[in-house]
Every structure is written in structure tokens, then in C-alpha cells.
4 protein chains.
Amino acid sequence: MTIRLGTSDYGVTGVRLLRVTRQEGRHDVKETQYSIRFEGDFQAALSQGENRRILPPDTIKNTVYALSRQYPVESAEDFALHLIEHFLTYNRQVTVVHVEAVEDAWARIQQGGKPSAHSFVRSNAELRTARLTGESEETTVRAGVENLALLKTAKASFEGYLRDPYTTLKDVRDGILSASIRADWLYESGVSDFAPLWHGVRQALVESFAEHESRSLQHTMHMMAEAVLGNFDRIQEIHLELRQNAYDPVDLSPFGMDNPAEVFLPAEEPSGVAQVTLRREEAV
Amino acid sequence: MTIRLGTSDYGVTGVRLLRVTRQEGRHDVKETQYSIRFEGDFQAALSQGENRRILPPDTIKNTVYALSRQYPVESAEDFALHLIEHFLTYNRQVTVVHVEAVEDAWARIQQGGKPSAHSFVRSNAELRTARLTGESEETTVRAGVENLALLKTAKASFEGYLRDPYTTLKDVRDGILSASIRADWLYESGVSDFAPLWHGVRQALVESFAEHESRSLQHTMHMMAEAVLGNFDRIQEIHLELRQNAYDPVDLSPFGMDNPAEVFLPAEEPSGVAQVTLRREEAV
Amino acid sequence: MTIRLGTSDYGVTGVRLLRVTRQEGRHDVKETQYSIRFEGDFQAALSQGENRRILPPDTIKNTVYALSRQYPVESAEDFALHLIEHFLTYNRQVTVVHVEAVEDAWARIQQGGKPSAHSFVRSNAELRTARLTGESEETTVRAGVENLALLKTAKASFEGYLRDPYTTLKDVRDGILSASIRADWLYESGVSDFAPLWHGVRQALVESFAEHESRSLQHTMHMMAEAVLGNFDRIQEIHLELRQNAYDPVDLSPFGMDNPAEVFLPAEEPSGVAQVTLRREEAV
Amino acid sequence: MTIRLGTSDYGVTGVRLLRVTRQEGRHDVKETQYSIRFEGDFQAALSQGENRRILPPDTIKNTVYALSRQYPVESAEDFALHLIEHFLTYNRQVTVVHVEAVEDAWARIQQGGKPSAHSFVRSNAELRTARLTGESEETTVRAGVENLALLKTAKASFEGYLRDPYTTLKDVRDGILSASIRADWLYESGVSDFAPLWHGVRQALVESFAEHESRSLQHTMHMMAEAVLGNFDRIQEIHLELRQNAYDPVDLSPFGMDNPAEVFLPAEEPSGVAQVTLRREEAV
């Protein structure tokens, strides 16, 4: 019997950065949090504590700061591409670099009806994410959104499902459908207009959720994924995870009242959950 | 020696509620979380477990649901006033009712450039709060905001402070000022237009933060409080707490680079903190 | 009309510190997080941004580090007393110093049945807290515990409570009583054996919860507070807050099963809540 | 071009359960949280909202409650095996069932030096986990631990690492090594004594961390994984993730003080991170 090394990586998480661009009469800010992981030949480091091939996490962090000085404020995807190029160029021992980025949404304050030149308010609970994997030959770019919470009060039913002896659920018509959404999509190589694409995909997700005649969480999820692949032909694959926030109508009959779908009890935590991956394939 | 009862209260927290109003072609939703506490003569319940004067938390919760059916979607302050009136009327043993409300911000989805009739996205990290205290004679109404995070890249200095042997801080000019803000203000009695007032106060807080030539966190905090009392004469008192999010310029000199206030390291947690209460007083 | 300054303070939160004592064959560690706030004459700083009387939060933080080098590992209360003395001595402009401390519980690892000399595991979800307020004449010391979660499966009922038209609750016998507890008690002046006292009070809270024939959350809370004041005569006052974690028996009758108090549904968040303050008073 | 379905699953998360066993003079409790996901042929549900093959999340939840009545309090792994058998037997449309379980650690209260018959305190920040995947032919069982935080003040260095122009780190000797650990290991088929095995593995992880002469986070991680595979021959694979909590010595030289590895600044969040998978292989 022997013990074999499977996969291993190391790196640094939570590298926070605020980048300010100061132009006459207008400042821009971008706050982002990076995680970076290396794969490579680290057998000696793991089994013998031989550190010669280990670039310290502290150095990885410094590199983020130093490179951020050299590049103008740009999208997290672009900056991650610079990081990957740097690390692969100067670290032969590293075969794969993973970079993840999460952006904080600072929005310009409206002051007397006009946008402030230099003041911002944190605007959103949802997060814009990016996830890149770089190897010598190729780098893949995935973008995404997390904590996108949607809710609709119409066009949401759940009927005709399988029943067994433990089924007590009643058919849902005129219900509420609400979910926290995590999405993650893969661009084909060569894509570079990351910011407008991200906003377009987010809007497609939101609009397809709103329009869809939902017959289930899964049904809506699938439709949202299709809407993205159908509208953005440079996206090769999308992964969606929906965590359903249950809103149960409160039973007011003990108090002599009806409840015509007006008073709902929001669950404290999501419970129903579904995920799907859809891929574009070339016709043969 | 004797043991004396000081203050005591009991109640229920986290009573979640989604209220839907369905009009032809347009649904409205409001999601709110209520906490309710009673003060009163509960000595026998406390010391002997004599429950005759204890309205169960479960009943308090049911009351929120039942009353929410009877009133149209309205501001949390208005609904809290109904709750207080109900509890004081039917519960002689209760002398004080505290109601706290926190609102979730569901914003209407834009669909093809037009607002959706029935679909919503959770829009904000910040929270709208209300805090009412009802007694037989009088009810006080406080409104507030939590988690309002602001940041400015200009008009922020910190100089001329006290130095002692443990002082290593350098003067700050062209720095970044960022804070998470909790505000809480007291309306004079008779105020009823809670929603427009809240939006006005929030905007006054945000604009005064942006405009102010800040010499310190405290200085800006005081100015924000003054701006609210100065612009809204039906507000009698305001309490502000600012938790400063430090953004330190990264020292890039070890890498042979300068850093002209462009690359900042956001602290993970707030550290500086300040609070103030300002009150309006009649001239004598 | 004039605007008057009410209370105000400023300071620093989240000052983290790990203190190691290295003796031959045995290391000790204590990790603590301090918050420090100053009250005093800060009118000019607030209204004019005049910082001459403001000791920067950064300096306050440095002082914690520097003083921690000068004192051996000791209880947070003792160290907070040193901090207060330092700040009041060297800062005439400060009239009140508040220090709060929260301790992380690192427990010694058992290694081959014996305690390790230098390795530790984070042992507890609950937190030991201290809260001191120092003025020129007097310093008050409060100690406490947070997140102490207790649960009992016997000696817990809730009956004979007030009923109104919104009451649907059924009497509870053989129920489960569970609560998350926050306690905070005031020592008389001169107390100095903080560590054994804290452990004694915590044990008194836990044992009285277990023994008590509970008729309600409030009943148990009051009994716990009495147990502390009854057993520790150098404690002048105790404040307790219990947040009840509801455990509802699952209704298995739709599946043709009974449920003899065996299967319970834990609520996701506390809902019932109660608090009390008890004080010791001299007989007249 | 066509769009192809990749993987998809659905289910329910956060199914909380407290199970009480009442014997004369002794109650036992076990609180667990289950997540259950189904894979199978759900194409019609996804693309057309055809729900005939969808067992509702609500029914899955009910099944957990109903089955928990039928089985005595036992380990989460055993109960998950019952769930998997049930779902695969009665749901032909389901090809794979995933069950995840997280246990809350309720420990018996010590009362007058003896264990209480019916009262418990939540004892640990760390979590015991189980992760099972059931298919018609075979079920795999993985157990694990999360949030296991360890710290050592000796036998921890980091030297001889790769340096580049962005390296500013100094060699670490007599440092502090601390990490939050997530472990997950795979049992060979036929294992059934889950509780003692779990406690054994956890102790092996803890002891190997304490004993090890660490040259890096990775080095210690690898040694911990080896210790488990070396001592438990029914474990086929282990995955470890360590998130390093940095403790930096505070520079007290600006205050004219040295710091002989006594005063450390704990980082607020983990930053260094490493993971590894080790597998046992048959010699050929």
C-alpha cells in the first residue's frame, strides 16, 4: 500500500484593494477582493517542508498591490489577466493560476440631482464576481453574480408534482416565487468587453425571471439559463444555482379572516435549492 | 440585604412579514421584520412562574399577522402605531410597548426599460428602521437607517491632533474617509408623513457627508447631525454612530514605486468609531 | 431655537491582541479583543474640527500593544484597569474611559492523554466579556458571558398564560426549553479575583438552568439571576437576556405516526426574548 | 448550434432536526441539519415545467421527519443511509441521492460534579459533518470536521522560500502557526462504527498538528493528512483545507520596547490558504 498525492494548491484569499483614479473634477473608485491559488510541482514542499519552490502568500499579496499601481482602473477580469501573466512568466514551478475576484459596488452619490465628483455610497447587496484559470496555453474567464435576490408575486405556480405518503404540500397558484441566485458563466476565448457583457447578462437573468410563467423553481432556472445562452453567443456555458426563499401564506382562519394571497410569512433561510449547467454545442 | 427587581421586559423578535397589495396591473410588496417587547407588572411571572398576566410571544406574533391583514400596505411606523394601540387597549397589565421594525428594500425590476408590474429585486445593503415606544399617554416615534456605507476621496484630512509617546500616525491629507453609518432620529408628536421624511433625511445625511470639508470623523458626524436638525424642524433629536472603515495607502516604496493616493488597502473591519446625540431646544 | 450637544464619545473597536507567555516547558496564550471609548470635552473637535484634544484612535490602539508588553498575561479586567489608569492619567481632556473586552477561548490540546505544552484548540462558541468604566473617582467593573446556549428536555412547561382571540398556542408540558444567554454582572469595588469568580458565576447560571422547574422563559431567567446574587455576595447587580430557541414537536399525524416528544423542529432564529436586571440592596 | 444540459440537481437544504431519546433517568439529544439533493432524469421538468417526476422539496423534508421517528438516535451517517435507501427505493426517477449532515455539539451539563440527566450546553465552535452519495449500486460515505481552529506557539518556522522583487517577508522562527481546518475523508465500503472513527480521526488531526515540526502551512497540512491515512486503514482518501490565521508580532520599537515573541496581532480574517488530497493506493 502506498499513499499518493492527489490535487493540491495554495495561495492567498481576501486580498482587498481600493483603486482610485483622480482626474480633474472626477474621481473613480473600484474596490475588489482577490483570491489567488497556485497549482504546480509542490511535492517536496508538502512532504519535506522544502520551501524553495514556494512563493510566499505574502509575496502574492504584494504583487497584487504592485501591479495595481501599473494598470489603470479597469475590470477585475482584465486585472486578473495581468496577474496570471505575471505569475506564469516568473514562476516556472507554477502550472496553473486561479484568480477569483469579488467587487464591491460603490455608486456615485447624487448631490442636488447631479452626480458627485468624489463621493460614493455602497449600493448593492449583490456581488459581481470573476473567476479565471490560467495555464501556459490558455486562460479561461468566468464571470458571475452572487446574492442576486429576486421575487415575483405573479406568474408562479407549482402543480402536478409527484405525490407519495409523505406529501402534504398543496398546489400553489398565485404564489410568490423568490430566490437568491448565484450565476457563473464561461466566455469563449477572445472576449474582452467584460463590463458591458456582465451588465447585459445580469439584466437578461432579471428580465427572464420576471417574464417567465414559472411552473417550478427548476423551470424558471432553466429558462433563465437559456435566456443567457440565447442572447449572448460568446458565452459557452452557464451555471445557475437558485436557493428558494419560501413565502408561505399565513393561515388567518383561526382569527376568522381569509387571506387572499396578501399576508405571507418569509422563511428565515432558503430551503429549496436547484442548480443547472447549460452548454452551447456546435452542431455536427 | 434584599434583592430588588430593576427593569424587565419580554416579547418576540424576528417576526417576518411580506405584505402584498394586488391592484389591476400593479402589485406592491413590503417586507418587514418586527420585534415587540412589553414592560409591565410581571413580578409574579418572574418570581413564581405565575403566567396569568403573560400574553405568549406566540400570540404577539399572531397579532402582527392578523392586524397586517386589516391594514393596507403602509409605512412600518404607521403599522407599529396600530400594533401599539391594540396591545395597550387589550392588555392592562402592559404599561409600555416597544416596537422595532426593519425593512427589506425590494425595488421594482426594470423590464425593457419599464417598471415591472409584479417583479422585484432586493436593492440595498442598507436598512430602513423604525423604533416606537408606546405608553398610555404618549407614543414616541424614531426612524433610522443602518449599514449606510459612504466613502469620499476628497475633502478629508486629519491633522493637528494630540500626540503622545505612543503616537505614530502621520497627518492625513487627500485621504479617504469612509464610514458605516447608523442614524436614529426622533420625530415630534403629530408627524405622519414618514416615508417622504425618511427619504429626505437619508438624502441630507448623504449629501452633507459628500460636501463637508472633513477634518475628522467626529467633525463630519457632527455636521451630518446638524444638517438633519437644520433642515427638518419636526425632528427633535438625532443620534449618529459612525464606524470608520480605514483605507490605508499601500507603501509601494519597497518595489521602487510611488503611490500618489491611488492604491489603498481597505481594512477588513471598522475600527475608529464615534457617536453623537444632538437635540433641538427651545430658546428661553 | 438652538441645537444642543447631548452625549458623545469616540474611540476604537476591534483591537485584537494575542499575548504569549513562554516558560520552560509551558507556553500560555490569551487572545482578547478590546474596544475603548473616550468621553470628555470634545465640543471644539465636533463643531469646528479642532483636533488638539483628540488622541487619535491609532494611538489608542498602539497604547494597548505597548501596555500589553509591560504586564504579564492576566485577566482582561486587570489589563483594562491598567489601560484606564494610563488614559486618565495622561489625558486631562478625557473624563470617562470605557473599555470592553471579549476573550477567545483557546484550550490546551490533549496529546496522548497529557496537556500539550504549546498547542491549543479553540474550544467554545461562548464568549467571556468584561466591561469597565473609569472616571477620576471610581471605576466600575462588569463581567459577562455571551452566546451561552443551553437546552433542557425535562422540567419545562408553559401553562396558564393569558389568552386572547389571537392565541392559538397549546399548553406545553414535557417540552424543550432552550435559550441563548447573555449575562452581565457588576462587581462591588475592591473585587480582584476575576477569573475564579467568572467561572463560578458561569457554573451557577448553568446549574440553576438545569435544576429549575421552569414555568416560563422569564421564570427560569429570574431564578438564574437570583442564583447568582444569592451565591456571590460581591456581585451587586446582574442583567440577563435570554433569547429562546423554539423547538416545536413535529406533527407526524399526517403520516400515521405519533410523536411522544421525540422529534422536534429547531427554529432557525431565536424568537421569544426576555430580559431582567436584579440588584442587591442594603436593608434599611 | 444547440444547447445541451450538463449536470443538474435539486433538493432541500437546512432541514433541522432535534432527536430526543428518553430513558429512565437519562435523556439523550442529537441536533442535526440535513441537506438532500437528487440527480435524475429531470429534463422535462427543467425545459417544460412538467412536474410529474418531481418529488417536492417539502416532501423530502417531511420524509426526514417521518424516518427520524422510526430510527433511534444514531449517527448522522447511519440515518443518511436510511434516507438514501428510502429515496432510491421509492423514486425510480432519481439516480443519485446526495445527503449532507452537520451536527450541533450539545454536551451534558456538569451539575455538582455529575453529568445532568437532561440538560445540555452547546459546547463547540467546530462542526462534525457527513456527506453521503447513494446510487443504485453503491453508496460512498465521507465524514469530516469544519471550523477546527488550532494554534501553536512552538515548532513553527517558515524559511528558505522563493524570493522575487515583491518579496518583503522575513524568515519566521519561533512564530505562531494557526489555522482553521476543514477536513473530509472517505471510508471504504462496509465501515459502520462512524462515531468512534470520527473521534479518532479528529484526535489524530489535532495531535499531529501539535507534534509536528512545521516548516510551512503546507508541510503541516500534508503531515496531518498522512497521520490520518497512516492510522486509519479503512480511510481511503482525505481532503484537507487549512486557512491560515496570521499572527504578526507587533513592532514595539517605536515605543522603545523589544518584543520577544510575546505580543502578536491576530489578523481579522484568514489569508494564507492551502489544500491537499491524499489517497491510499494498492501496491501493484
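Each value in this text was obtained by applying a stated rule to the coordinates, not by laboratory testing. Here the structure is a predicted model, which is why all the values come from computation and not from measurement. As a convention, Cβ positions derive from the backbone with ideal geometry for all residues, glycine included, and neighbour counts pool all protein chains shown.
Couple of notes before you dig in:
- Only Lys, Arg, Asp and Glu carry charge here, each on its Cβ (+1 for the first two, -1 for the last two); on that basis chain B has a dipole of about 880 debye about its Cα centre.
- Here the Debye sum runs over all C-alpha atoms of segment B:88-227 as equal scatterers in vacuum, and log10 of I(q)/I(0) at q = 0.13, 0.17, 0.19 Å⁻¹ comes out as -0.79, -1.03, -1.13.
- Taking one quarter of the surface of the convex hull spanned by the alpha-carbon atoms of segment C:170-253 gives a direction-averaged projected area of 6.3 nm².
- Value of relative contact order over segment C:105-162, rounded to a whole percent, pairs C-alpha under 8 Å and six or more apart: 24 percent
- Around the Cα centre of segment B:180-284, unit charges on the Cβ atoms of Lys, Arg, Asp and Glu (plus for the first two, minus for the last two) sum to a dipole of about 240 debye.
- Inter-centroid distance (Cα atoms) of segment D:239-273 relative to segment D:1-68, Å: 43 Å
- Label geometry 7 Å along the beta-carbon vector: A:ARG4 inter-copy distances in nm: 2.8, 7.7, 8.1
- Net charge contributed by nearby residues that have their C-beta within less than 12 Å of C:VAL121 (K/R +1, D/E -1): +1
- Scanning chain B for the Cβ atom closest to the axis that brings B onto A yields residue and whole-Å distance B:ALA125, 2.
- Ratio of Rg to Rh over segment A:144-284 (Cα coordinates, Kirkwood Rh, two decimals): 1.06
- Net lengthening on full extension, A:GLN203/A:GLU138 (0.36 nm per residue, minus Cα-Cα): 20.5 nm
- Only one residue of D:VAL20, D:SER68, D:THR129 has its Cα farthest out toward the positive end of the dipole of segment D:7-137, where Lys and Arg carry +1 and Asp and Glu -1 on Cβ, and that residue is D:VAL20.
- Counting from the shortest, the label point at B:ALA107, 7 Å from Cα toward Cβ, is 0.3, 4.8, 4.8 nm from the same position in each remaining copy.
- Arranged from fewest to most other beta-carbon atoms within 10 Å of their beta carbon, B:ILE238, A:ILE84 become A:ILE84, B:ILE238.
- Neighbourhood charge, 12 Å Cβ-Cβ cut-off, centred on D:ALA76 and excluding it, Lys, Arg +1 and Asp, Glu -1: -2
- Rel. contact order, % - alpha carbon contacts under 8 angstrom, at least six apart, segment A:133-268: 26 percent
- Here the calculated FRET efficiency for B:THR2 and D:ASP28, from their Cβ-Cβ distance with R0 = 60 Å, stands at 0.90, rounded to the nearest 0.05.
- Inter-copy separations for A:GLN48, label at 7 Å along Cα-Cβ, nm, ascending: 6.3, 7.0, 8.0
- Net charge over other residues, Cβ less than 11 angstrom from the Cβ of B:ARG142 (K, R count +1; D, E count -1): -3
- Computed on the Cα atoms alone, the convex hull of chain D gives a volume of 247 cubic angstrom per residue.
- What the Cβ-Cβ distance of A:HIS82 and B:ARG173 gives, at R0 = 30 Å and to the nearest 0.05, is a FRET efficiency of 0.45.
- Farthest toward positive dipole pole in chain D [+1 Lys/Arg, -1 Asp/Glu at C-beta], among D:GLN203, D:MET224, D:VAL29: D:VAL29
- Spacing of the two label points (7 Å from each Cα toward its C-beta) at A:GLU159 and A:ALA44, in nm: 7.0 nm
- B:HIS98, C:HIS219 arranged by Cβ crowding within 10 Å, fewest neighbours leading: B:HIS98, C:HIS219
- Likely footprinting exposure, B:LEU5, B:LEU148, fewest C-beta neighbours within 10 Å first: B:LEU5, B:LEU148
- When you restrict to C-alpha pairs under 8 Å that are six or more residues apart and normalise by the size of segment A:8-137, the relative contact order lands at 27 percent.
- If you look at the Cα atoms of segment B:7-137, you get an Rg and a Dmax of 17.7, 64 Å.
- Among A:TYR34, A:TYR90, A:TYR161: highest mean-square fluctuation, GNM of chain A, C-alpha pairs under 10 Å: A:TYR161
- Cα-Cα pairs of the protein assembly as shown separated by more than 38 Å (percent): 56 percent
- Residues considered: C:ARG128, C:ARG22, C:ARG163. Largest GNM mean-square fluctuation over chain C, using C-alpha springs under 10 Å, is found at C:ARG163.
- Applying Stokes-Einstein at 10 °C and 1.306 mPa s to the Kirkwood radius of segment D:53-101, computed over alpha-carbon pairs, gives a translational diffusion coefficient of 140 µm² s⁻¹.
- Cα extents of segment A:76-154 along the three principal axes, largest first (Å): 54, 40, 14
- The alpha carbons of segment D:36-75 occupy a box of 41, 15, 9 Å along the principal axes, longest dimension given first.
- Scaled radius of gyration (Cα, divided by 2.2 N^0.38 Å) that segment A:160-218 gives: 1.68
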